[in-house]
Amino acid sequence: MKFSARRLFSASLAGTVSALLLLGSVTASAAGEVNVYSYRQPFLIKPMFDAFTRKTGIEVNTVFAKKGLVERLKREGRNSPADLIFTVDIGRLSTAVNEGLTQPLENALLADKIPAEFRDPDGHWFGLTTRARIIVTSKERVKPGEIESYADLASEGMKGRICTRSGSHGYMVALIASVIANEGEEAARTWLTGIKDNLARKPQGNDRAQVKAIKEGECDVAVINSYYMGNMVTDEEQSAWADAVNIVFPDQSGRGTHMNISGMSLTAASPNKDNAIKLMEFLADDQAQRMYAEQNFEYPVNPQVNWSGLLESWGVFEMDKTPLAEIAKHRVTAAKMVNEIAYDG
Ligand code: FE
């Protein structure tokens with residue numbers, strides 16, 4: 001009975017309505033939906049949403065797009081069907097908040113499961129997975145211990161040996177903003193200029209392209225997000241790139257490695273708020289945390305949840321505990337700095 005109810009539930013709208021009428025109050029009370037706008041690809045989030053629906057009977061409808069969802073939310077205003085928005089990077093999360101598209105949520109369970117540095121102190125966004133901005137080094141040309149911190153990227157010995165993507169990309173802007181937050185603007189400018197002077201080539205390509213460049217001998221050291229190592233290891237063509245480098249978790253004797261998040265926000269106009277909160281709570285809990293993190297080689301945001309085998313093999317490390325909300329405040333200055341020093345050439 002339970003199984004057929006579920007089958008009927010996921011049928012067409014007309015089918016669903018008649019199924020609810022047939023099945024009476026038990027199913028009807030479990031019925032309901034929650035609508036998600038997602039910049040994250042369906043394969044990353046669908047398995048968890050399916051698990052949530054199996055557990056609660058609440059359907060999750062997802063609209064996926066690579067861009068334009070924040071603009072769509074804005075356009076739809078109070079009539080938007082969206083309850084939740086899923087995205088990566090503190091930059092994008094901040095944009096939705098600054099546009100007034102989210103609402104604050106005070107929730108004891110989320111506060112308990114998600115470390116303070118990975119959620120908005122005002123409750124407008126919550127991290128679900130984390131990624132480390134790691135340094136990768138050529139196995140052939142960089143000795144162990146030769147580079148151990150972000151500061152080392154600007155050191156004399158790195159002249160002509162570094163590759164990065166564009167300084168104006170969100171991942172770089174967040175890293176630079178974290179340096180500003182911790183060391184101040186002038187120190188950050190000196191540091192960033194030092195890296196620019198050490199570049200082996202004009203910033204170009206995505207994070208993985210930097211690892212490829214190391215493999216091909218164009219440079220010796222790059223800065224990338226940790227999950228790309230997992231993505232490359234499991235890709236036939238790219239595993240050779242990953243094989244060419246060692247992973248360094250920067251600043252282990254300092255403030256720790258810079259982290260960013262993928263996260264979620266409750267929309268300002270959420271029409272299914274109770275269900276949305278149920279989904280948020282579900283995603284912070286062990287089962288979904290493990291699933292979500294593993295799907296994209298990320299770290300669970302919930303520190304109680306075990307890491308995947310691959311991530312464990314990279315070793316434990318100290319994470320920078322600077323609140324992302326604090327780092328986000330320096331994003332504009334960081335982006336300006338990239339232009340002012342002409343980081344991209
Ligand atoms: Fe990415």
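Nothing in this text is a laboratory measurement; each read-out follows from the coordinates by a stated rule. Keep in mind the model is a prediction, meaning the values are calculated, not measured. Don't worry about glycine lacking a Cβ; one is built from the backbone with ideal geometry, like all the others, and counts go over all protein chains shown.
The order of HIS330, HIS169, going from fewest to most other C-beta atoms within 10 Å of their C-beta, is HIS169, HIS330. Charge tally for LEU110 (other residues, Cβ to Cβ under 11 Å; Lys, Arg +1; Asp, Glu -1): -3.
Scalar couplings 3J(HN,Hα) for the range 242-250, obtained by applying the Karplus form with A = 6.51, B = -1.76, C = 1.60 to θ = phi - 60°, are 4, 5, 7, 10, 9, 9, 10, 8, x Hz; x denotes Gly and Pro. Taking label positions 7 Å along the Cα-Cβ direction at both GLU216 and ARG201, the computed distance is 0.5 nm, reported to one decimal.
One decimal place: the segment ARG72-GLU183 gains 36.2 nm when fully extended, by the rule 0.36 nm per residue minus the C-alpha distance.
The mean sequence distance of close C-alpha pairs (under 8 Å, at least 6 residues apart), as a share of the length of the chain, puts its relative contact order at 26 percent.
Of the residues GLY256, SER270, ASN246, the one whose Cα sits farthest towards the positive end of the charge dipole of the range 243-297 is SER270 (charges of +1 on Lys and Arg Cβ, -1 on Asp and Glu Cβ, taken about the Cα centre). Charges were assigned to the Cβ only: +1 to each Lys and Arg, -1 to each Asp and Glu. The resulting dipole of the range 131-245 about its Cα centre is roughly 200 debye. Only lysines eight or more places from LYS278 in sequence, or on another chain, were considered; those with a Cα closer than 22 Å are LYS2, LYS46, LYS55, LYS113.
Centre-to-centre, using Cα atoms only, the range 237-261 and the range 289-318 are separated by 14 Å. Summing Cβ point charges (Lys, Arg +1; Asp, Glu -1) relative to the Cα centre of the chain gives a dipole of roughly 980 debye. With only Cα atoms counted, the range 108-188 has Rg and Dmax values of 16.6, 50 Å. Grouping the Cα pair distances of the chain into 10 Å bins from zero gives a pair-distance distribution of 5, 24, 31, 23, 11, 5, 2, 0 percent in increasing distance order. Annotation note: GluC sites (Glu not before Pro) in the range 58-125 located in DSSP loop regions with a Cβ neighbour count of at most 14 within 10 Å are GLU99, GLU106. Counting neighbouring beta carbons within 10 Å and listing from fewest to most, the residues VAL245, VAL332, VAL97 come out as VAL332, VAL97, VAL245.
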